[in-house]
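Take a look at the structure below.
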Amino acid sequence: MGRFVIDRPNLKQQGKYLYFRRKVGGKTQYHRLPDPSDPDFEAAYDRLAQPDSPKAAAPIAGSLAALVRDYRASSDYLGIPSDKTRANYLRYLDLIVEKHGHRQVHQIRPTHVYKMRDAMQDTPGKANNWLSIFRTLMSYAAKRDWRGDNPAAGIKPLAIGEHEPWPADLLRVCLEVASPMTRLLIVTGLCSGQRNSDVIRMQHGWIKNGIMGPFIQQKTKVEVAVPMHPFWTAELAKLPRNAVTLVYDRFGKPFGTTGAVRERIRDLMAMKEVQEVLADLAAREIIAEGDTFVFHGLRKNACCYLLEMGNNDSQVGHMLGMSPEMVRHYGKRSRALMIAKSAAANFKGGKFGDLQVVNFKSRPRKNG
């Protein structure tokens, strides 16, 4: 950790972690920051530093921005025991101020909440987290007489389906039509089995003796190491090293957020060639009509592939940073495929093991 980081205002190093320190309502808060080498570090530091800026304009009386400021100085917020939970609240409170801080609290109706939630429907997990914290904020407003009710009460979260693995035909066409960097993102996700938050952090310097890592996963803080598949290595060699990270944006800089990855995948899925494949897969009943696929699905592809190669749950879990239970959940389709293959191999002479196979067509149907 370099001096250029420690010399910044309001930072405190505690062991191997770095925290942003500030006072709110007379109480000192500590918010854990990403590692300084993480592309998200700058954005996280700037976001936490912003409320302390003397240039910040005072919010309009009665607005959501004013409510958020009041809430953050209250015992409701300061009493949250977990630094991690408080930091998550802060992220969404900042988002509320950024997008809707001008709205008057007393004028917000359920229809407005639905519209604000649905504006994030492409990322339902984010939308649901936002809704939960917005509901808490409106509950606080009702308790403190900012308004008489909670307009977010009773509004349900968006449905979140499983992150489905990408069908082979979809993978093929996506790799054919994707831009070089989007293609590398897909290959990196497919070969590493990591989340997009870790994919955008991977650095060339982390590769040693054909192994990526070990490195600490952003979300779970689990240490993982991933073998470099020849396909992955070949794709990396196609692009210049314009950044310390494997993947980078159009300006040659590391991706600052995972949102850029999600946007690239959404744009890819909207392409004519990809839409035609999705329509064909739906017509063949391989996927449901309207099914969509996201980057996280590649993690399930990697899990299934590693299981099909004969690795056990524990081995796959160590490579992907998953518990054996999660490996079994992610790999359930692969497991079904392996069981089916085993059944076919053991199916001999009309018998399956010691179980006699019954030809139902040859048996008379009983009355009733």
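The values are calculated or read from the model by the stated rules, or taken from the named source; none is laboratory data. Only a predicted model underlies this, so the values are computations on that prediction, with no experimental measurement involved. Positions of Cβ are backbone-derived with ideal geometry, glycine not excepted, and every protein chain shown enters the neighbour counts. The area values use the complete protein model at the heavy-atom level, side chains included, leaving out ligands, DNA and RNA. Shrake-Rupley method; radii C 1.70, N 1.55, O 1.52, S 1.80 Å.
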Q) Going through region 77-177, which GluC sites (Glu not before Pro) have at most 12 other Cβ atoms within 10 Å and a DSSP loop state? A) 162
Q.
Net charge around residue 115, counting only other residues with Cβ within less than 12 Å of its Cβ (Lys, Arg = +1; Asp, Glu = -1)?
A. +3
Q. Expressed as a whole number of Å, what is the distance separating the alpha-carbon centroids of region 42-112 and region 284-325?
A. 37 Å
Q.
Rolling a 1.4 Å sphere over the protein heavy atoms, what is the accessible area per residue of region 124-261, to the nearest Å²?
A. 46 Å²
**Q.** Listed pairs 156/332; 84/115; 219/332; 84/332; 84/253 exceeding 26 Å between Cα atoms
**A.** 156/332; 84/115; 84/332; 84/253
Q. So how far apart, in nm, are the two label points at residue 283 and residue 94 if each is 7 Å from Cα heading toward Cβ?
A. 4.8 nm
Q.
Roughly how far apart, in whole Å, are the Cα centres of region 181-214 and region 113-159?
A. 36 Å
**Q.** Extension gain, residue 122 back to residue 175 (0.36 nm per residue minus Cα-Cα distance, nm)
**A.** 16.9 nm
(Q) Run the simple label-point estimate for residue 291 and residue 309 please: 7 Å along Cα→C-beta, distance reported in nm. (A) 2.4 nm
Q.
Please list, by residue number, everything in region 185-202 whose backbone N is under 20 Å from a paramagnetic label point 7 Å out along Cα→Cβ of residue 32.
A. 195-202
Q | Surface share of carbon and sulfur [accessible, 1.4 angstrom probe, percent] for region 187-335 | A | 55 percent
